[in-house]
Amino acid sequence: MILGRVIGEVTSTINHPFYDATKQLVVEKTDAAGKATGDYVIAVDIVGAGVGELVLVLDEGNGARQVLGSNDAPVRSVVVGIVDAINPSG
Amino acid sequence: MILGRVIGEVTSTINHPFYDATKQLVVEKTDAAGKATGDYVIAVDIVGAGVGELVLVLDEGNGARQVLGSNDAPVRSVVVGIVDAINPSG
Amino acid sequence: MILGRVIGEVTSTINHPFYDATKQLVVEKTDAAGKATGDYVIAVDIVGAGVGELVLVLDEGNGARQVLGSNDAPVRSVVVGIVDAINPSG
Amino acid sequence: MILGRVIGEVTSTINHPFYDATKQLVVEKTDAAGKATGDYVIAVDIVGAGVGELVLVLDEGNGARQVLGSNDAPVRSVVVGIVDAINPSG
Amino acid sequence: MILGRVIGEVTSTINHPFYDATKQLVVEKTDAAGKATGDYVIAVDIVGAGVGELVLVLDEGNGARQVLGSNDAPVRSVVVGIVDAINPSG
């Protein structure tokens, strides 16, 4: 899993019907301290994350489909948590 | 999932028969603002995307096969949507 | 599989319920000699690894779910061992 | 899927028996215009591709096993087509 | 699949029990000519590869588990062959 910050949302009209019912967030990947790296991923939201929030992203298809309760969802990346803190005390 | 722009199509005569019935697009990967990164992926089209269009690409085999309604398609990447907008308001 | 060093923990309140019962470690990826590379991964702990320890990370979803005894856990990366030594005698 | 050019073949005597019956090609990855990138992948051939030919490579294990008609083949990458043209007219 | 050279072994006492019965090799990734790239992977050995040998590595979990005859092994990377030659005649 990786950390990222929500920076926007992708909208589309012509798409696989799965995407009509979900929100596709643009998540900028961050380093381990929460600083932007310049890379990004498009991830389906399941936690109601908003722009600016630091999130935990699962980037793996089979797990993503389980999260969405679907065996056939065309999805690889899902926002699975909003990060409270990155705690160096482990 | 990632964003990309359609820049062409790959044609082949000698191939796995699956590819005879599909269109393989050359999709240049873009950054979160839709700007080309120099990298690319070959993706099967399911939405009728044309050259120059910004698209959403699913890059994961099991989900790609579900999109194509096949358990055995030799495919990893599928164009699953044409992007209307990348909306920074999340 | 890869090597990494535990540098912290991610906490979150709003998340997929799976993460309520697990510890998500921030693991800095290292090179083959155990030196930090600057990259990282968020991995679920199953061995009780602490900050500073060099660990073995499995970064693959289906195997990660088997380790956790779950068919539907939203997880890709798991800390599966604490490294005693990287032995050049093979 | 990606594009690449066949530059050789890997031979081995001590190996998993699966590889005794297949040809493992060294495929140099190319950019979207067919120009070498310096990176490569070892891929099982199913189309009779020869050195110098531009090919389409599927780099995903479950699909690769389906192509080979096997549920347990130790394979991730397969050459699935010989490219006739990269057509910019899409 | 990729090529690499065995440069050592990782040992651990506190780990998932699967690793008690296997040898985890440190494999330095090489380019298509067998030259070290600086990157590496930790891979389970099934062919008795020793330090200094050039090997073929399968880096994909489901295939890796099949090689090991296990449905639940926490493994992604396996050394599946010792390379005799990289033959440019294809």
Go through (1) more than 14 Å from chain D (Cβ to nearest Cβ); (2) crowded, with 22+ Cβ neighbours inside 10 Å; (3) free of Cβ contacts under 8 Å to residues at least 12 places away in the same chain and name the single condition E:Arg65 misses. (1)
Is it true that some residue in the range C:31-45 is without any contact (Cβ under 8 Å) to a residue 24 or more places away in the chain and either of a type in the set (A, V, I, L, M, F, W, C) or farther than 22 Å from A:Asp31 by Cβ (or both)? no
Quick one: is B:Asp59 surrounded by fewer than 19 Cβ atoms within 10 Å (Cβ to Cβ) and among the acidic types (Asp, Glu)? no
Residues in the range E:6-29 that are facing chain C (nearest Cβ under 7 Å) and among the acidic types (Asp, Glu) total 2
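State yes or no: is E:Leu3 within 30 Å of B:Gly61 (Cα to Cα), buried (at least 24 other Cβ atoms within 10 Å of the Cβ) and not β-branched (Val, Ile, Thr)? Please lay out each step first, then the result.
Numbers: within 30 Å of B:Gly61 (Cα to Cα): yes; buried (at least 24 other Cβ atoms within 10 Å of the Cβ): yes; not β-branched (Val, Ile, Thr): yes.
Spelling it out, E:Leu3 is indeed within 30 Å of B:Gly61 (Cα to Cα), buried (at least 24 other Cβ atoms within 10 Å of the Cβ) and not β-branched (Val, Ile, Thr).
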Name the pairs: first residue in the range E:1-22 and within 12 Å of C:Asn87 (Cβ to Cβ), second residue acidic (Asp, Glu), Cβ to Cβ under 6 Å, at least 6 apart or on different chains? E:Val6/E:Glu53; E:Ile7/E:Glu28; E:Thr11/C:Asp84; E:Ser12/C:Asp84
Within the range C:74-90, tally of residues that are within 15 Å of the chain's Cα centre (by Cα) and either aliphatic (A, V, I, L, M) or within 7 Å of chain E (Cβ to nearest Cβ) (or both): 7
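Hey, could you check the range C:30-51 for residues that are surrounded by fewer than 19 Cβ atoms within 10 Å (Cβ to Cβ) and facing chain A (nearest Cβ under 9 Å) and say which is nearest to E:Arg76 (Cα to Cα)? Write out each step before concluding.
Going through the range C:30-51, the residues surrounded by fewer than 19 Cβ atoms within 10 Å (Cβ to Cβ) turn out to be C:31, C:33-39, C:47-48, C:50-51.
Restricting the remaining residues to those that are facing chain A (nearest Cβ under 9 Å) gives C:38-39, C:50-51.
Details: C:Gly38: 22, C:Asp39: 19, C:Gly50: 24, C:Val51: 25 Å.
If we take residues in the range C:30-51 being surrounded by fewer than 19 Cβ atoms within 10 Å (Cβ to Cβ) and facing chain A (nearest Cβ under 9 Å), then C:Asp39 is nearest to E:Arg76 (Cα to Cα).
Readers should treat all values here as calculations from the given coordinates under stated rules, not as data from a laboratory. Values in this document were obtained by computation on a predicted structure and should not be read as measured data. Ideal geometry is used to build each Cβ from the backbone, glycine not excepted, and the neighbour counts take in all protein chains shown.
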